[in-house]
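Everything below concerns the one structure shown next.
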2 protein chains.
Amino acid sequence: MDNQELLKKLSTVNESKIVLVVADGLGGLPKEDGKTELEAAKTPNLDDLAARSICGLMDPILPGVTPGSGPAHLSLFGYDPLRYEIGRGILEVLGAGLSPGPKDLAARGNFATINTDGVIIDRRAGRITTEKNVEFCQLLDGIEIEGVKVTVAPVKEHRFAAIFQGEDLYDELTDSDPQRIGLEPLLVLPLIKEAERTAQMVNRFIDEAKRRLSEHYPANMVLFRGFAKNPQLPTFQELYQLNPSCIATYPMYRGLARLLGMELLPTGETLEAQIETLKEYFKDYDFFYLHFKKPDSKGEDGNFEGRVKDLEELDKYIPSIVELNPEVLVVTGDHSTPAKLKSHSWHPVPVLLWSKFCRQDQVTTFGETACIQGGLGRLSAIHLMPLMLANAQKLKKFGA
Amino acid sequence: MDNQELLKKLSTVNESKIVLVVADGLGGLPKEDGKTELEAAKTPNLDDLAARSICGLMDPILPGVTPGSGPAHLSLFGYDPLRYEIGRGILEVLGAGLSPGPKDLAARGNFATINTDGVIIDRRAGRITTEKNVEFCQLLDGIEIEGVKVTVAPVKEHRFAAIFQGEDLYDELTDSDPQRIGLEPLLVLPLIKEAERTAQMVNRFIDEAKRRLSEHYPANMVLFRGFAKNPQLPTFQELYQLNPSCIATYPMYRGLARLLGMELLPTGETLEAQIETLKEYFKDYDFFYLHFKKPDSKGEDGNFEGRVKDLEELDKYIPSIVELNPEVLVVTGDHSTPAKLKSHSWHPVPVLLWSKFCRQDQVTTFGETACIQGGLGRLSAIHLMPLMLANAQKLKKFGA
C-alpha cells in the first residue's frame, strides 16, 4: 500500500472546512540585513496566527530540487510529483476552461507573426489584445482534420489552448515553436513510431490555421508547444472524499485544480475579490484552495520591496479568513521565488497550520528563520495534505 | 521516475566549484561534561563558517542504522546505498589502482603466516613492510588458472588486492580468511550452484600462491575475503555532468571515488599535503571530494582527546579552503565514530553548507547540539548531493 492508497482508505466525510492559502513563491532569501521578504514585511496578523499554530519549513519536491508550479502544487495537494507528470498543454486547456476527455491531446498555442519568407519575427504577434485573441480563436475553432476535431480557446493576449479530439492520439511530439525568432516554425515530429499519424494531423492543422489567419497580420501564424494527454489523476473526491473548490485567477492554477476535481469559483483579479469569493461560497464546500499569485511574479522580477508589499497585503486579509472559522487554516507557498535569484528556487517554504488540535509550538513570527524551530520541523510538502485532513478530523485510525 | 533519474534530468554544466570536506567519523558522543569531540575541540574557523552557513544533522542511511564506510559514502554522493551494494573487494582493487572490467571478480587479500600444520598463527604476517608486500605481489601477479588471469597488486603492509579476469565468474563465494588465528585457512565455497567453477578456480589459485610463498616466512600464505564483482555504478559525469576529483589517502575511499568517475589526484599522507593538492588542482575540476581519515581511526581506538586534536587540525586548514572561493563548501562526516563506542555508530552527523544562496540559519558553532537547530533540520545524507548542486546552480527547474 502506498501513501496515497493509505489516505484513500482512511478518509472520511465530516462537516469540517479546510482553507489552504497558497502565496505563490512565498519563500525568499535575505538582503544584507539578514531578513527575507517575508521577514521584512510587517505581518502582525500572520505572526499572531503563527503564534497559535504549528509551523515548519517544507521542501516542495526534494531538498535541492527547484520545482515548476505544476509539480510544486501537486505536492501541496498530496500527489507525488515524480509519479504524476502533467504536461503543460493539459494545464493550459484546463485553465482556459476546456475539459479534455481521457483520449484527448492538448497543447499550448501562441499567435505569432511570420514575414513573407515564413520566418518568425514575433512569437507573440505584438501581444494582441485578449479581445482579438477571442476573435482569431473563433476562426480556428472546430476545424476537423482526418477525423480529429480541434477545439481552440483563448487564454490571454497572444496565448490560446487547443484540444485535439479523436482516436489513437499520442503526445510524444516535438514542439512547432522554436522558442526564438529568426527561424521558421518547426514541423511537429513524432518521438515514437505510434505518434506519426498524430504529428501529421497536427501539421495539417497548422497549415490550415496559417491559411485562415493569412489576412490577420500580425497574428498570421500559430506556434504549438507542450503537447500532452490527460494524465487522469485521481480526484480529491476519490482520494479524500472532499468537496473542493478553487479561488485562483491564473489559468495554470485553475487548470490544475480542475484536473483534481475542484470547482472553479468565479472571482475577480484582486486578492480582495478572492476573499469575497471565499466568504460567498464558504458554506458550499469543505476545501478551499486560495491562490495568491503576486509574490511569485515580483520575485521573478527581482523586486524585493514589491514582494514585501504583496505579503503585507496578504496579511491584511488574514483576519477575514480567520473570522470564517474554518476548522483548519494553512498559509504557505508552493515554492520559493527569492528576489535575489529572480526565479523559482529550491529553498524550503514556511508553512503554518492552525486548527484546534494543532499542538502549537513556540514560533511567534511567520518567517523562514522562525519556522525552522517549528513543530512541523523540515518536512516534505507531500505530507501537508494528510496533516490538514487529520486536523480536520477527516482521517480514520489506521489499523486496530 | 526515481530521485536519481530526476537529478540526471535536471543537471546542467556551469563554472561553479563544489568542495566537499569529509571528516571521517565526524559525529561523536559527549563525555561527562556534555561535550562531544567536535564540541570540545577549539574550532574558531569552523564556527565562523557555520555562522555564515546552513547547518543540520544528517542520517547516513536511516535513523538507527550504523553504516560502513562504503554505504555511508554512497549516500554522501547521492547514491541510494540500499540499491547499490559495493563489495569490499571491488573497493580494495580500485584503491590499489587497478581497473576491474565489467566481468571481473575482485577480492581483498592478506599475506598471513601459517605454521607447519597449516594453522594460521598471524593473519597479518607480522605486518610486513609495504616494500616486502610489493615484492611478494610480484611472485603472484599474472598466474593463470583454468583460463582465468589473476592480477595481484599491493595495498599497504600485509594487504593486497586481486582481480580474477575471465568468463562466467561469480561473486557468491565464502571467504578463505576465518578472521581468527588457530584455524586453517578455509576452503572458498560457492553460495550458489553457478559459482562452483569460480570457487574451484580460486582455491587452485590459493594453492599455487601458497606454493610460491613457501620460502617467504612469515608471509607464507594468502587469505581472501570480500569477493565482489564490479557493480557498474552510474558515474558523476553521467548523473551530474560534473568533472570530479578525489583527494584521499586511504585505498578504500580512493577506490569508491574512482568507481564513481572521480579523478584520483596525487597527494601526500598529511592533511596539509591534501590541502596543497586542492590548491594545485583547483582550476582543473568542478567537484572536489577531500577525505580526512584521522578522526575515524582515533574514534575506533576510543581516543577522545586524539579526535579533538584531529578536528582542531582540520579547523586550522578551513581558511585555506575558503580562500579558494568555491561556490559551495560543505564540511561533514560520512558517519559518527564516537570514542565512547570505539566503533562506527548510527548517530547523525553534523553538516554545514556554505554558498551565496544557502539561506543561513542561526547556528553559530559547529557541533552536534547546535546543528539540531539548523535550517537543514535533520535530513538524510542522500539529499546532500542535490543540495550542493542546487547551491552551485547546477540543477534546472523541474517541470513548468
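The values are calculated or read from the model by the stated rules, or taken from the named source; none is laboratory data. On a predicted model such as this, the values are computed, not experimentally measured, just so you know. Positions of Cβ are generated from backbone atoms using ideal geometry, with glycine treated the same way; all protein chains shown enter the neighbour counts.
When B:Asp80 is tested against (1) crowded, with 18+ Cβ neighbours inside 10 Å; (2) farther than 20 Å from B:Leu290 by Cα, exactly one condition is not met: (1).
Taking each residue of the stretch A:193-219 that is more than 17 Å from A:Arg123 (Cα to Cα) and looking for partners that are part of a helix (DSSP H, G or I) with beta-carbon atoms closer than 8 Å, six or more apart or interchain, yields A:Arg212/A:Leu139; A:Arg212/A:Leu140.
Can B:Leu353 be described as surrounded by fewer than 21 Cβ atoms within 10 Å (Cβ to Cβ), modelled with pLDDT of 95 or more, within 14 Å of chain A (Cβ to nearest Cβ) and in a strand (DSSP E or B)? So B:Leu353 fails the test. The set of residues in the stretch A:79-96 being more than 8 Å from chain B (Cβ to nearest Cβ) and in contact with a Phe, Trp or Tyr (Cβ under 8 Å, 6 or more places away or on another chain) consists of A:Gly87, A:Gly89, A:Gly95, A:Ala96. When the residues of the stretch B:258-273 are narrowed to those that are assigned to a helix (DSSP H, G or I) and within 16 Å of the chain's Cα centre (by Cα), which ends up surrounded by the fewest Cβ atoms within 10 Å (Cβ to Cβ)? Result: B:Arg258. Residues of the stretch A:274-295 that are in a loop (DSSP other than H, G, I, E, B) and not charged (D, E, K, R): A:Phe282, A:Tyr285.
Within the stretch B:218-234, if we keep just the residues that are among the polar types (S, T, N, Q) and more than 20 Å from B:Glu208 (Cβ to Cβ), the residue that is surrounded by the most Cβ atoms within 10 Å (Cβ to Cβ) turns out to be B:Asn230. Checked against the criterion of being at pLDDT below 95 and assigned by TED's automatic domain parsing to the domain that holds B:Phe366, the candidates B:Lys31, B:Lys42, B:Lys35 yield just one match: B:Lys31. Within the stretch A:219-240, can one find any residue that is more than 28 Å from the chain's Cα centre (by Cα) and outside the structural domain of A:Lys283 (by TED's automatic domain parsing)? Among the residues of the stretch A:219-240, at least one is more than 28 Å from the chain's Cα centre (by Cα) and outside the structural domain of A:Lys283 (by TED's automatic domain parsing), which makes the answer yes. Among the residues of the stretch B:363-375, those identified as closer than 19 Å to B:Leu38 by Cα, in a loop (DSSP other than H, G, I, E, B) and either among the aliphatic types (A, V, I, L, M) or in contact with a strand residue (DSSP E or B) (Cβ under 9 Å, 6 or more places away or on another chain) (or both) are B:Val363, B:Phe366, B:Gly367, B:Ile372, B:Gln373, B:Gly374. The residues on offer are A:Leu98, A:Leu91, and the sole one that is in contact (Cβ under 8 Å) with a residue 12 or more places away in the chain, surrounded by fewer than 24 Cβ atoms within 10 Å (Cβ to Cβ) and of a type outside the set (Lys, Arg) is A:Leu98. For the stretch A:103-143, taking the residues that are under 14 Å from A:Phe160 (Cα atoms) and of a type in the set (Ser, Thr, Tyr), the one that is surrounded by the fewest Cβ atoms within 10 Å (Cβ to Cβ) is identified as A:Thr129.
If I ask for residues that are over 22 Å from A:Asp207 (Cβ atoms) and part of a loop (DSSP other than H, G, I, E, B), which ones from the stretch A:218-244 would you list? If the condition is that a residue be over 22 Å from A:Asp207 (Cβ atoms) and part of a loop (DSSP other than H, G, I, E, B), then A:Asn230, A:Pro231, A:Gln232, A:Leu233, A:Pro234, A:Thr235, A:Gln241, A:Leu242, A:Asn243 are the ones that fit. Restricting attention to the stretch B:361-390, the residues being closer than 11 Å to B:Ser53 by Cβ, of a type outside the set (Phe, Trp, Tyr), crowded, with 21+ Cβ neighbours inside 10 Å and more than 8 Å from every other protein chain (Cβ to nearest Cβ) number 2.
Where helices (runs of 4 or more DSSP H) fall entirely within the stretch A:36-78, none has at least 3 residues that are basic (Lys, Arg) and at the interface with another protein chain (Cβ under 9 Å from one of its Cβ atoms).
Considering only the stretch B:245-257, state which residues are assigned to a strand (DSSP E or B) and polar (S, T, N, Q).
Here is the first cut: in the stretch B:245-257, the ones assigned to a strand (DSSP E or B) are B:245-247.
Within the stretch B:245-257, B:Ser245 is the sole residue that qualifies.
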